[in-house]
Amino acid sequence: MSPSPIASERLPRDAGPLDHALSELQGLALALVDEQGRISQANAGFGALTGLRPSQLRGCAVSTLHSLPAPLLSQLAKAAGQPDPLWQDELRCPTPEGDHLYLWQIQRLHSAGPARRQLVLCGTDLGPDAGVGTGSESQELQNEVLHTLVYEDELTGLISRYALRERLLSLIERREEFGLLAIKPRDFSLLRDNFGPDGADEVLVAVASALKTLLPAPAVVARSLGVEFTVLMPGPGGIEEMQRLGRMVLQRFTQPLSLKRTELVVPVSIGIACHPLHGAELEELLRNADTALHSAQEDGGRTQRVYDPRMQQRARERLWLDHHLRKALELQQLELHYQPKLDLRTGHCLGVEALLRWRHPKRGLIRPDLFIARAEDNGQISAIGRWVIVSAASQAAQWRALGLPTRIAVNISARQFQDADLLRWLSECQRAAHGLLDVELTESSVIGDQARTAAFMQECRGLGYKVYLDDFGTGFSSLAMLARLPIDVIKLDRSFLKSGPEQERSEALMKSVVSVAKELNLSIVAEGVETISQEAFLRDIGVQSAQGWLYAAAMPSAEYPAWLQSRQRR
C-alpha cells in the first residue's frame, strides 16, 4: 500500500517514540486511548484510516471516528471498564485504496502516564484480498512490534517509562521493597541550545550507555521522560544502598563521555525515594523521587538528595515563582542594582555590573539566584533579559546626562541566544546608551557551538560592547578556549579567593590564568573581593581590576552618584 498524504506527514519536534518508530512502517495503525475514550497518541497509519493527521487526532474521542469498524468501537467502549482487556479480531476497514482486512488488538497499558491507564489499539493491514482467519501469521509480528514500541525507548535502547511503571506496579502489588534514583543531566537545556537536537540526542545515548555499563544487576535503567532517567533497584537495601549507587553515578559523571567529535563532562543531579518508606502508591513514589531530584538541582546539582517531606515546601516555592514571575514585569517589580568595578592600581571606578533584583510587595527584595534559574526553565528569561538591557541603556544615558559617564555590563543568559531579535535589541540599546554598554557571558554559556558563540561575540564587539567571560573557572572551559573566542575581559569567579585546603591550588591557577591573559592581551576582573589581603595578592600577581564588598555592595541607581563622588575624593 503506497503512503497517503496523511501517512507522510512530517513528524513534529515533540513527536513521541510511537510516532518515530512507526512513521516508516506501512500497514500498521496504532493509537493510545485514555480512560475518557480520547486519543492521546496515534501514528500516521492510524491517521490514514480516519482521514486525520496524528496531530489532529490527539484529544479526539474515538467514538466520533465513524470510519473505524463499528465492532471495534463497541469493543473499545466495553474495554474501558475492564481491568485487563485482551481482545483481537479481523475486521474490514475502508482505506484510500478500498476496503482492507485488518487484524485488530486491544491491550491494557498499565503505565501509560500519570494517574491514568490507557488502552493500546493496534491494527495490522492484511490487504484487500485476505479472507477472515488469515491473520494468524501477522499476529506474532504485531505482538513483537507492540512490545518494542511500548516497552523500549527508541533512542537509547533502555526500557521505556511505560515498561518501568509496569514493573513498579508489579513490585508494589507484591508489597516488595525497592529504591529509585531519579537522574537528570545538569544544564541539559544549555547543551541542547549549543549542540542542537541531534547533538543532544547523542549526549542522551552516551548517558544511557554509561548508566547501563556502570550499574550492577539487578538494577534496571529506564528513560523515564524527556532527559530524565530512572534507576530501579529491587530489594531491601533501603536508603544506604541507594545512596551508594548514587555516589557511583555521581563519580562516573565527573569523567567525560565520549561523543563522535569530542569528549564532554555531563554532571548529573540525583533524587532518591524508597518503597514503601517514601510512598506506598506509584504516583506518590514517583512524585517524591522527582521532588528529591529538584532539591538536588536547586542545591547546585552534581549531588544527590533523599526525599524528605520538607522538600514539598520547595516544590510549592517553584509554583509560586512560576505564577508571580509572570506578574513581576507587568507590575514593575524588577529593578537593577549596580556593583562597581575598580582599577587596582589607581582605585578609579572602571564601570559597573548591572545585577537584577526583584522587589516583591510581600517578600521584599529577592536575589536573582533565587529566581533566575526558574525563569530560564519556564521560558520567561527572554522577556526579563530584554527588560534588563533596555533598563541598563536608559540608566547609562541618565548618568551620562549628569556628567557621570559609566560603562554598564549586562549579563546575557545562554537561553537568550535563542532570541532571534537579541542582536537587534543590543544594537538599539547601545545607541540609546551612547556606546556605554558591555555584555557578560557566563563560562557555561559558551560550550558547544563555539563558532556560533564566537560570531555572536564578534557582532557585539562590532556594536561597541566589550565582551566579558563571566564566572571563569566554574564550568567547562579551558585556557586554550580563551585564544579561540573574541573576548576582552576575563572575570575570575569568586571561588578562586576562598580560603581553605585548596587555597594554594586556587592561587596557582589564578597565576596561570593571569599569565595566559597577558599573552593574549586580555584584561582580568576578580569577583568577590572582600579583604585587603585578597586585594594585595591580586595586585601582586598582576590582576588589573576587581569588584566585591571590599569596595561596595550592589546598590540602587540613586545611590551610585554619591558613592562615585565620595570615591573620587579619596
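The values are calculated or read from the model by the stated rules, or taken from the named source; none is laboratory data. As the structure is a prediction and not an experimental result, all values here were calculated from the model. Because the Cβ atoms are built from the backbone with ideal geometry, glycine has one as well, and the counts that use them run over all protein chains shown. To get the accessible areas, we keep the full protein, side chains included, count just its heavy atoms, and leave off ligands, DNA and RNA. Shrake-Rupley method; radii C 1.70, N 1.55, O 1.52, S 1.80 Å.
Take region 423-447 and flag every residue that is touching a helix residue (DSSP H, G or I) at 6+ places or on another chain (Cβ under 6 Å), at pLDDT below 95 and open to solvent by less than 30 Å² (accessible area, probe 1.4 Å).
Result: SER445, VAL446, ILE447.
Of (1) open to solvent by 40 Å² or more (accessible area, probe 1.4 Å); (2) at pLDDT 90 or above; (3) farther than 25 Å from ARG407 by Cα, ILE541 satisfies all except one. Which?
In the conditions (1) open to solvent by 40 Å² or more (accessible area, probe 1.4 Å); (2) at pLDDT 90 or above; (3) farther than 25 Å from ARG407 by Cα, ILE541 misses (1) alone.
Where residues in region 160-177 are touching a Gly at 6+ places or on another chain (Cβ under 9 Å) and surrounded by 18 or more Cβ atoms within 10 Å (Cβ to Cβ), which of them is farthest from CYS274 (Cα to Cα)?
TYR162
In the list LEU18, LEU25, which residue meets the criterion of being in a helix (DSSP H, G or I), touching a helix residue (DSSP H, G or I) at 6+ places or on another chain (Cβ under 8 Å), modelled with pLDDT under 85 and closer than 24 Å to ILE159 by Cα?
The conditions single out LEU18.
Consider ARG165 carefully, then state whether it is part of a helix (DSSP H, G or I), in contact with a His (Cβ under 8 Å, 6 or more places away or on another chain), under 23 Å from HIS294 (Cβ atoms) and not aliphatic (A, V, I, L, M).
It is true that ARG165 is part of a helix (DSSP H, G or I), in contact with a His (Cβ under 8 Å, 6 or more places away or on another chain), under 23 Å from HIS294 (Cβ atoms) and not aliphatic (A, V, I, L, M).
What number of residues within region 298-313 satisfy the criterion of being over 14 Å from LEU180 (Cα atoms) and among the hydrophobic types (A, V, I, L, M, F, W, C)?
1
Filter region 480-523 for residues that are within 24 Å of ALA554 (Cα to Cα) and within 31 Å of the chain's Cα centre (by Cα) and give the result.
ASP488, VAL489, ILE490, LYS491, LEU492, ASP493, ARG494, SER495, PHE496, LEU497, LYS498
Any residue that is more than 16 Å from LEU250 (Cα to Cα), open to solvent by 20 Å² or more (accessible area, probe 1.4 Å) and not polar (S, T, N, Q) - is there at least one of those in region 178-186?
For region 178-186, residues more than 16 Å from LEU250 (Cα to Cα), open to solvent by 20 Å² or more (accessible area, probe 1.4 Å) and not polar (S, T, N, Q): absent.
With the requirement that a residue be hydroxyl-bearing (Ser, Thr, Tyr) and surrounded by 15 or more Cβ atoms within 10 Å (Cβ to Cβ), what does region 247-274 give you?
The answer is SER269, and nothing else.
Please enumerate the residues belonging to region 358-412 that are touching a residue at least 60 places away in the same chain (Cβ under 8 Å), part of a helix (DSSP H, G or I) and open to solvent by less than 30 Å² (accessible area, probe 1.4 Å).
GLN395, TRP399
Taking the condition of being crowded, with 20+ Cβ neighbours inside 10 Å and in contact with a Phe, Trp or Tyr (Cβ under 9 Å, 6 or more places away or on another chain), how many residues in region 497-523 meet it?
Going through region 497-523 one residue at a time, the tally reaches 3.
For region 43-70, name all the residues that are in contact with a strand residue (DSSP E or B) (Cβ under 6 Å, 6 or more places away or on another chain), surrounded by fewer than 17 Cβ atoms within 10 Å (Cβ to Cβ) and in a helix (DSSP H, G or I).
Answer for region 43-70, where residues must be in contact with a strand residue (DSSP E or B) (Cβ under 6 Å, 6 or more places away or on another chain), surrounded by fewer than 17 Cβ atoms within 10 Å (Cβ to Cβ) and in a helix (DSSP H, G or I): there is none.
Which condition does ARG305 not pass, out of (1) more than 18 Å from ARG161 (Cα to Cα); (2) open to solvent by 70 Å² or more (accessible area, probe 1.4 Å); (3) modelled with pLDDT under 95, if it passes all the others?
Of the numbered conditions (1) more than 18 Å from ARG161 (Cα to Cα); (2) open to solvent by 70 Å² or more (accessible area, probe 1.4 Å); (3) modelled with pLDDT under 95, the odd one out for ARG305 is (3).
Can you name every residue in region 275-297 that is open to solvent by 50 Å² or more (accessible area, probe 1.4 Å), in a helix (DSSP H, G or I) and either free of Cβ contacts under 8 Å to residues at least 40 places away in the same chain or of a type in the set (Val, Ile, Thr) (or both)?
GLU284, ARG287
Looking at (1) open to solvent by 10 Å² or more (accessible area, probe 1.4 Å); (2) part of a helix (DSSP H, G or I); (3) out of contact with any strand residue (DSSP E or B) (no Cβ under 6 Å at 6 or more places or on another chain), which one does ARG345 not meet, given that it meets all the others?
That leaves (2) as the condition not met.
Looking only at region 33-57, which residues are more than 30 Å from the chain's Cα centre (by Cα), more than 14 Å from LEU73 (Cα to Cα) and among the small types (Gly, Ala, Ser)?
Correct list: GLY45, GLY47, ALA48, GLY51.
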